[in-house]
Amino acid sequence: MLNDRLEGLSEYPFQRLRDLIGGLKPPAGVSPIVMSIGEPQHAYPDMVADTLHRHRDLYGKYPPIPGTPEYRQAATAWLNRRYRLPAGMLDPDRNLIPVAGTKEGLYLIAQAVVPSRKNGAVPLALLPDPFYPVYAGAAAMAGAEARLLPARRENRFLPDFDALPPSVLERTAIVYLCSPANPQGTVADVDYWMRLLALARKYDFTVIADECYAEIYAETPPTGALEAAARLGGSLDNLVCFHSLSKRSSVPGLRVGFVVGDARIITAFTKLRSYGGTQIPLPVLHAATALWQDEAHVVENRGLYQKKFALAERILGNRLGFFKPPGGFFLWLDVGDSEAATKALYEKAAVTVLPGAYLAKADDGTIGKPYLRVALVHDLPTTEEGLTRIRDVLG
């Protein structure tokens, strides 16, 4: 009666977290602090409400799957500025369409690019370990076999694609890579992206560059996969990149981003989304257009995150394997046993975090187990209080 591919899906991490702490009681009278989910809590820009209200009459119209020309042009112009792309590399009408936040797009894209067989075998989906759980769900429901590549401290938390034998690469249909990474904040440099793209074109698989944290960084703007494509001559073959306003502009509830890349894939993906994709309401597209055109609020937003990392550095210091990541807004703390630490923090300090074990599936079980993912998404006082409680309980 049910799709048997559903058996390939494990419980989603936040359900596992609820199950883990569901029978526990936090201390009475202590205000809870949720640092388990990467939901930006900064105030969203005023232009959002103003633009939504100004275009509110458009809620009465069905929005087109490809969005509006103005949205596609604004997103393309932002990419050109952000990644210093050569003129004409991107065509806003062929290479880009909006998505309802990157989660939806990252899941659906696998349905468009994973064939039923690859070189006579079940196709492979290569995922970093640990990883954003949607990658594994997308692979399973597209009929691919997930192959997990360790992303440990000793390899800068980046999977080693160069070490894979041809027998694996020949079966590969799709590769997911997040940069800055969720959860570790690692950034792939341009040479890394270029080597991965070269492999994709040699063995004909699709690289999915998840770059939703690209505008949250410490000092140097993270390299994008499109920069690597430009270095390789400007072709977008075998590459699609996902970007979102959720983190960049603190509008996670607006549910709007875009996918950009190989025109063949964008055409196929548009066809697929015509059947099962979520359309973006026209007032939302107007607000998103304005957000892609503005940088002032992004600079302010980024500065708030850096103040919180400064707090973390002051409060945690050299405890719990603390390191300041080059991008993203997570801490990846080494606590020995992430489930035990999660329970202790909830019971003793009313702080909710996410066990790293719930984001990793390595056969040896060691990659995620020692780590906690802590989301620095609250205001400065709440963040300081949460980090202090973590130090007092675990440090």
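The values are calculated or read from the model by the stated rules, or taken from the named source; none is laboratory data. Since the structure is predicted, the reported quantities are computational estimates derived from the model, not experimental observations. Cβ placement follows ideal geometry from the backbone for every residue including glycine, while neighbour counts extend to all protein chains displayed.
The number of residues in segment 288-347 being in a strand (DSSP E or B) and either of a type in the set (Asp, Glu) or under 30 Å from Gln73 (Cα atoms) (or both) comes to 2. Here Phe269 clears all of (1) closer than 30 Å to Leu58 by Cα; (2) in contact with a Gly (Cβ under 9 Å, 6 or more places away or on another chain); (3) among the hydrophobic types (A, V, I, L, M, F, W, C); (4) surrounded by fewer than 19 Cβ atoms within 10 Å (Cβ to Cβ) except the condition numbered (4).
Could you figure out which of (1) among the charged types (D, E, K, R); (2) at pLDDT 95 or above; (3) more than 28 Å from Arg248 (Cα to Cα) isn't true of Glu7? If we test Glu7 against (1) among the charged types (D, E, K, R); (2) at pLDDT 95 or above; (3) more than 28 Å from Arg248 (Cα to Cα), just (2) comes out false. The set of residues in segment 258-278 being of a type outside the set (Phe, Trp, Tyr) and within 19 Å of Gln73 (Cβ to Cβ) consists of Val259, Val260, Gly261, Ala263, Ile266, Thr267, Thr270. Residues of segment 32-85 that are in contact (Cβ under 8 Å) with a residue 40 or more places away in the chain, acidic (Asp, Glu) and outside the structural domain of Val260 (by TED's automatic domain parsing): Glu39 alone.
Return yes or no: is Val207 surrounded by 19 or more Cβ atoms within 10 Å (Cβ to Cβ), under 19 Å from the mean Cα position of the chain (by Cα) and over 17 Å from Gly234 (Cα atoms)? The answer is no for Val207. Applying the set (1) of a type in the set (S, T, N, Q); (2) farther than 29 Å from Tyr12 by Cβ; (3) more than 22 Å from the chain's Cα centre (by Cα) to Asn95 leaves exactly one unmet item: (3).
So if I check each of Val374, Val393, which one is part of a helix (DSSP H, G or I) and either touching a Leu at 6+ places or on another chain (Cβ under 8 Å) or over 14 Å from Val34 (Cα atoms) (or both)?
Answer to the check: Val393.
Taking the criterion of being under 17 Å from the mean Cα position of the chain (by Cα) and of a type in the set (S, T, N, Q), the only residue of segment 212-236 that qualifies is Thr223. When Ala357 is tested against (1) assigned to a helix (DSSP H, G or I); (2) more than 19 Å from Arg153 (Cα to Cα), just one condition goes unmet, and that condition is (2).
Kindly indicate whether any position in segment 295-303 is crowded, with 19+ Cβ neighbours inside 10 Å, in contact (Cβ under 8 Å) with a residue 12 or more places away in the chain and farther than 30 Å from Met89 by Cβ. No, every residue in segment 295-303 fails to be crowded, with 19+ Cβ neighbours inside 10 Å, in contact (Cβ under 8 Å) with a residue 12 or more places away in the chain and farther than 30 Å from Met89 by Cβ.
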